[in-house]
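The values are calculated or read from the model by the stated rules, or taken from the named source; none is laboratory data. Quick caveat, the model's predicted, so the values are computed rather than measured. For neighbour counting, all protein chains shown are included, and Cβ atoms are generated from backbone atoms with ideal geometry for every residue, glycine included. Accessible surface is based on the protein model in full, side chains and every heavy atom, while ligands, DNA and RNA are left aside. Shrake-Rupley method; radii C 1.70, N 1.55, O 1.52, S 1.80 Å.
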Amino acid sequence: MKALLLAANRLFPLPVHPFNLQNEGKESYAMWQYRRGADTIAFYRQRYTLEEMFQGKRVLDIGCGAGGKTMYYAAQGVEHIYGMDIVAGYRQQAEELAQQLGYADRFTFVAGDAADTGFAENSFDTVIMNDAMEHVAQPELVLDEVRRILRPGGRLYVNFPPYYHPFGAHLSDLIGIPWVHLFFSEGTLVAAYRELCQSIPGGAERVAFRISTNEQGKDYFSYLNHMTIRRFRRLRAQAGMEPVYYREVPLRSFLTPLAKLPGVKEGFVKMVVCVFEKG
């Protein structure tokens, strides 16, 4: 099956991906994030202003990566913003970009687990999780922790592509087949991804970033929790915060009927968007 996947993959062009742009020397991951900062909050802007989200606020950006989008948020007049990521190696890129853009005095990178941030209760006005909910290992604990560290009246902004999105397997840096995770087992995907990584610079780092081995000795994609719309709706109901805004954005406007159809919608929703408010 691995050979079939690799053969089929040659028929599909790869989407633009920041890891590849960085490898090719075209643009750093941090700068790619910064350039796309407005896109990461576009769906919230239909309800909330930049001032409501950031102006004069203490902000936590969970899953900040190399800090580019965090710098975009910092540019909106935050009092202070913390970028948190479990990958400590992103610190250098994030801090260098903060220095370059002039936000070092209002930015702090924190390497850590969002399920146990170490911050005091009622520390933040805004917490944002852009493309992060599908990656955290313990989403229930993360929501509990966010509720603890948000101030009363503070908001959590969440958006993520659901698992059955065409590229919901998050392998599009090397595998361009839409919905590939519906057609091939995780074991086949792991084997194919490993092989593709052998021929690129930094391939070993990509494998280490995405793949782990479980107690049974089986390799799996440890950077994903397979977050579906259905699962998130359960989490939303149990979050202990008021969901004051919610959208399921279709892949394309003409696919809206499919994005609303039970049993099918999981594969035709581009982004789940939710804003929680702490009472």
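What's the whole-number percent of alpha carbon pairs in region 7-90 lying beyond 17 angstrom? In whole percent, the long-distance tail amounts to 56.
Could you report the chain's accessible area per residue, 1.4 Å probe, as an integer in Å²?
Numbers: 13010 Å² over 279 residues.
Normalised by residue count, the accessible surface of the chain is 47 Å².
Once you reduce region 40-55 and region 172-248 to the center of their Cα atoms, the two points are 28 Å from each other. Spin-label model, Ser212/Leu6: points 7 Å from Cα along the beta carbon direction are separated by 2.8 nm.
Be a star and scan region 119-157 for residues whose amide nitrogen sits under 12 Å from the point 7 Å along the Cα-to-Cβ vector of Asp113. Output list for this probe position: 137-139, 141-142. Kindly provide the helix-only [θ] at 222 nm of the chain, computed as the sum of -39,500 (n - 2.57) over DSSP H runs of four or more divided by all residues, to the nearest 500 deg cm²/dmol? Mean residue ellipticity, 222 nm, calculated: -9000 deg cm²/dmol. Under a Gaussian network description of the chain, with springs only between Cα atoms under 10 Å, the residue in Leu143, Leu11, Leu174 that fluctuates furthest is Leu11. The per residue volume of the convex hull around the alpha-carbon atoms of region 16-175 is 116 Å³.
Considering all C-alpha pairs of region 159-203, those separated by over 17 Å amount to 32%. Dipole size of the chain about its Cα centre, with +1 on Lys/Arg Cβ and -1 on Asp/Glu Cβ: approximately 920 debye, rounded to the nearest 20. Per-residue Karplus couplings for region 23-28, computed as 6.51 cos²θ - 1.76 cosθ + 1.60 with θ equal to phi - 60°, are listed in order as 4, 7, x, 8, 6, 5 Hz, Gly and Pro entered as x.
3J(HN,Hα) couplings calculated from phi for region 165-182 with the Karplus curve 6.51 cos²θ - 1.76 cosθ + 1.60 (θ = phi - 60°) are, in sequence order, 3, x, 10, x, 7, 6, 10, 6, 5, 10, 10, x, 7, x, 6, 4, 6, 8 Hz; Gly and Pro show x. With one equal scatterer per alpha carbon and no solvent term, the Debye-computed log10 I(q)/I(0) for region 120-278 at 0.11, 0.19 1/Å reads -0.52, -1.17.
Using a cut-off of 26 Å between Cα atoms, the listed pairs Lys26/Lys69; Lys2/Lys69; Lys2/Lys26; Lys26/Lys218; Lys69/Lys278 include Lys2/Lys69; Lys2/Lys26; Lys26/Lys218 as exceeding that distance. At an R0 of 35 angstrom, the distance between the Cβ atoms of Ala42 and Ala120 translates into a FRET efficiency of 0.65. Under Stokes-Einstein, with the Kirkwood radius over Cα pairs as Rh, the value for region 90-166 at 4 °C and 1.567 mPa s is 92 µm²/s. Projecting label points 7 angstrom from Cα along Cα→Cβ for Lys260 and His80 puts them 4.6 nm apart.
Over region 52-122, with a single point scatterer placed on each C-alpha, what log10 of the ratio I(q)/I(0) does the Debye formula yield at q = 0.13, 0.26, 0.28 1/Å? Values, matching the q order: -0.32, -1.17, -1.29. Taking 2.2 N^0.38 Å as the expected size of a compact globular protein, what ratio does the Cα radius of gyration of the chain give against it, to two decimals? Compared with the compact-globule rule of thumb, the chain sits at 1.00.
How large, in Å, is region 207-276 by the Kirkwood hydrodynamic radius built from its alpha-carbon pairs?
On the way: mean 1/r = 0.0698 Å⁻¹.
Taking every pair of different Cα atoms in region 207-276, averaging 1/r and inverting gives 14.3 Å.
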